[in-house]
Amino acid sequence: MKEAIFIRQNMEKWKNAERRTFDFSNSSPDELVEAYTDVTADLAFAQTHYPNSRVTAYLNDLALMLHGELYHHKREKWSRLITFWTHEVPLAVYDGRKELRISLIVFLVAVVMGIFTALGGEDFVRNILGNNYVNMTLENIRNGEPMAVYNGEPPIDMFLGITLNNQIVSFICFVSGIFTSFATGFHILQNGLMVGAFPTFMAQHGVLGDCLLAMMLHGTLELSELVLAGGAGIAMGNGWLFPGTFSRIESFRRGAKRGLKILISGVPMVIMAGFIEGTFTRYTHVPDALRLTVILLSLIFVLFYYVYVPVKRHRDAERAA
């Protein structure tokens, strides 16, 4: 390759890498590693084909500067932890917005399907939720405690059991992406059907209000995490289904990496949802205003961190570039 062509093809990439060395605070360690890898690969090529060229000297200096920034980041592990939550996760969410949108749509469609199918008869609800759960709920309704299922165990035991179960569900939803994004979609569909069927069943017995307040008290975070896990699994599945300009392995690696960041970001939500369900949801006689406040605060957090912050971080990155 002629030197002029080599420079023209890569100059924009080198300029971006150079900008990161002057504004490294807005670059995640992963972005610096990627820039350093690209520059060192180009440097090796230039040293082989243009050993005495000015571009070789330039790439050598650029590689040294990037190495220095990487070493700086390596010493600041706590800084990396902060940037993971403030920059890396929001940017991963922004990059995976299409997959997250698909996950949300599949979930909402499944909820609607669950509602209309449950209206057709109790048999579907029993198939989805199980006979024991339906019989227990009917008994609770007759006793005037429709949501008594939430106070059947000690708070700590319930918190630990719910949190572990929800985390397993999220992990399975994500890992299913290995078997294509359709496998993840199936898990989202299953959960969405249950979410649609249960309140419909409760509405048919005249306790929809109590059901929604109790369910969404913890469900705002819990269901948001389900959508996140679904989007993470779809991102990984689409990585090798639709590689685009990358090799299939590289595309899968990128999708899995992005999906894993999204999945990890939902772990605190799973823990908080489990805590609310195990310790607060059981008190069904607390004022509705208090329960609505918790639901609203949960929704504000989800919208702020997973909608507003990713867009803002992306725009900041564009301005920095």
Let me know the charge dipole size of region 57-197 about its Cα centre in debye, to the nearest 20, where only the beta-carbon of Lys, Arg (+1) and Asp, Glu (-1) is charged.
300
Tally up the carbon and sulfur contribution to the accessible surface of the chain as a whole percent, 1.4 Å probe, everything protein left in place.
65
Mind checking which of GLY177, GLY120, GLY206 is farthest towards the positive end of the chain's charge dipole, using Cβ charges of +1 (Lys, Arg) and -1 (Asp, Glu) about the Cα centre?
GLY177
Would you list the membrane-span-like helices of the chain, meaning whole DSSP H runs whose alpha-carbon atoms span at least 27 Å along their axis and whose mean Kyte-Doolittle value is at least -1.0?
29-49, 54-75, 97-119, 155-175, 181-204, 208-241
What share of Cα pairs, in percent, lie more than 30 angstrom apart in region 113-272?
26
What dipole magnitude, in Debye to the nearest 20, does the chain give about its Cα centre under +1 on Lys/Arg Cβ and -1 on Asp/Glu Cβ?
940
What whole-number distance in Å separates the alpha-carbon centres of region 78-153 and region 227-249?
23
For the chain, what is the accessible area per residue in Å², given a 1.4 Å probe and the full set of protein chains?
53
Would you mind computing the Rg to Rh ratio of region 88-166 from its alpha-carbon coordinates, Kirkwood style for Rh?
1.12
Could you sort 299-306, 144-151 so that the peptide with the highest average Cβ count within 10 Å comes first and the rest follow in order?
144-151, 299-306
Run lengths n ≥ 4 of DSSP H only: what is the helix-derived mean residue ellipticity at 222 nm for the chain, with -39500 (n - 2.57) per run over all residues, to the nearest 500?
-27000 deg cm²/dmol
Ordered by packing density, taken as the mean number of other Cβ atoms within 10 Å over each peptide's residues, highest first, how do 133-143, 261-271 rank?
261-271, 133-143
Comparing LEU208, LEU108, LEU43, which has the greatest mean-square fluctuation in the GNM of the chain with Cα pairs linked when under 10 Å apart?
LEU43
Quick one: what do you get for region 154-225 if you divide its Cα Rg by 2.2 N^0.38 Å?
1.28
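The values are calculated or read from the model by the stated rules, or taken from the named source; none is laboratory data. Remember, predicted model here, so these are calculated numbers, not experimental data. Cβ coordinates were reconstructed from backbone atoms using ideal geometry, including for glycine residues, and neighbour counts include every protein chain displayed. Only protein heavy atoms, including side chains, enter the accessible area calculation; ligands, DNA and RNA are left aside. Shrake-Rupley method; radii C 1.70, N 1.55, O 1.52, S 1.80 Å.
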